[in-house]
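Worksheet: one structure, shown below.
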Amino acid sequence: MVNASPLASHPGSEAEVRALVDAWVSAVRAKDAVAMMRNYAEDVVIFDVVPPVQSRGVAPYRQRWQQWFDSLEGPLGFEMTGMHLIAGEDLACCYSVSRVSSTPRGGAPREAWVRATVCFRKIGGQWLVVHEHASVPISFNPSA
């Protein structure tokens, strides 16, 4: 029989990872790609909503974020909702849905919902993002 009880989180690890997620959200709002990537593994694997849909390495990922930040005018809105986090002693995973609002230079304000799953490993005593998967909901209704 499969144990149907929820997985227990390691309290110390959960607090450490939650602090990293909070710092990441602050860096996104500040449009600071360097601060965002401070806790990413050099060989992080990314599944993204924009091409390339799969990539490896923190440097190109940081560059894509910076290019996007540079294409915006005014503040960037980022609200993470429903974050769920589970953390063991050396492996953690969180998932959430976020509302992103921005204005492209010379364009109209935009809003999107983005789903994300982020996997962390404790490497050399430091929590690092080793995998990130972002997606956006699609509508099969052509009038939506």
* Treat every Asp and Glu Cβ in the chain as -1 and every Lys and Arg Cβ as +1, leave all other atoms uncharged, and give the resulting dipole magnitude about the Cα centre to the nearest 20 debye. => 280 debye
* Note the full-extension length gain between D90 and A30 as 0.36 nm times their separation in residues minus their Cα-Cα distance, in nm to one decimal. => 18.7 nm
* Report the full-extension gain for the segment V136 to R110: residue separation times 0.36 nm, less the Cα-Cα distance, to one decimal in nm. => 8.0 nm
* Asked: Given labels modelled 7 Å from the Cα in the Cβ direction, how far is it in nm from T81 to V45?
  -> 3.1 nm
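Taking every pair of distinct Cα atoms and averaging 1/r, then inverting, what Kirkwood hydrodynamic radius in Å comes out for segment 11-135?
About 14.9 Å for segment 11-135.
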* Asked: If R0 is 25 Å, what FRET efficiency do you get for D70 and R99 from their C-beta distance, rounded to 0.05?
  -> 0.70
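Read the figures in this text as sums done on the coordinates, not as results from a lab. As the structure is a prediction and not an experimental result, all values here were calculated from the model. Don't worry about glycine lacking a Cβ; one is built from the backbone with ideal geometry, like all the others, and counts go over all protein chains shown.
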